[in-house]
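Worksheet: one structure, shown below.
We did not get these values from a lab; they are worked out from the coordinates using the rules stated. Given the structure is predicted, the values throughout are model-derived calculations rather than measurements. Here Cβ is always computed from backbone atoms with ideal geometry, including for glycine, and neighbour counts include all displayed protein chains.
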Amino acid sequence: MKSCPNCENIGWYIITNSRGEPEQEKCEFCYTEPDSVFNVVNDLNKTISQLQEENARLSKIYREELTELQNTHKELNTLKSAAGILGSVKSDRKAESSRANGRLGGRPKSK
Ligand SMILES: [Zn+2]
């Protein structure tokens, strides 16, 4: 990586124009030298924004998948409690038939 001999690695510097006024001049070294600090930093910033975009894209997908999972979880819980209600109905019925059986003298006795 090469630090710029002309500017503060920012891609421009101040010159005095023909009218004696200060003017911004584009720095050739910064732009044309592939290994200049300016270019390396710019490339890194590009990579960083690409990664941030990728991160945002993936976060969106994960959020959607998480919502789907949470919905599935809710459905499962609904099914579980429905199954629980059915289960208790079943055991009520069992208990009732067991009581009826008891009134009839219990299990049929084998000889
Ligand atoms: Zn420069």
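Mean-square fluctuations from a GNM of the chain, with a 10 angstrom spring cutoff on Cα atoms, peak among 87, 11, 20 at 20. GNM remark for the chain: springs join alpha carbons under 10 Å apart, and the peak mean-square fluctuation among 93, 19, 63 falls on 19. Helix 37-103 and the longest principal axis of the Cα set of the chain meet at an angle near 10°. Each Lys and Arg Cβ is given +1 and each Asp and Glu Cβ -1; about its Cα centre, segment 12-93 then shows a dipole of about 960 debye. Here the Debye sum runs over all C-alpha atoms of segment 1-107 as equal scatterers in vacuum, and log10 of I(q)/I(0) at q = 0.23, 0.24 Å⁻¹ comes out as -1.11, -1.14.
Distant-in-sequence amide contacts of residue 2, defined by a placed amide H-H separation under 5 Å and a gap of 5 or more residues or a different chain, comprise 36, 37. Highest GNM mean-square fluctuation among 55, 45, 17, for the chain modelled with Cα contacts below 10 Å: 17.
With neighbour counts taken as other beta-carbon atoms within 10 Å, the residues 4, 30 rank, fewest first, as 4, 30. Across the options 79, 42, 22, the greatest Cα extent toward the positive end of the charge dipole of segment 12-93 (unit charges at beta carbon of Lys, Arg, Asp, Glu) belongs to 79. Compared with the direct C-alpha span, the chain from residue 58 to residue 83 gains 5.3 nm at full extension, assuming 0.36 nm per residue. What is the count of Lys pairs in segment 1-87 whose alpha carbons sit under 28 Å apart, if the two are 8 or more places apart or on different chains? Counting lysine pairs in segment 1-87 gives 5.
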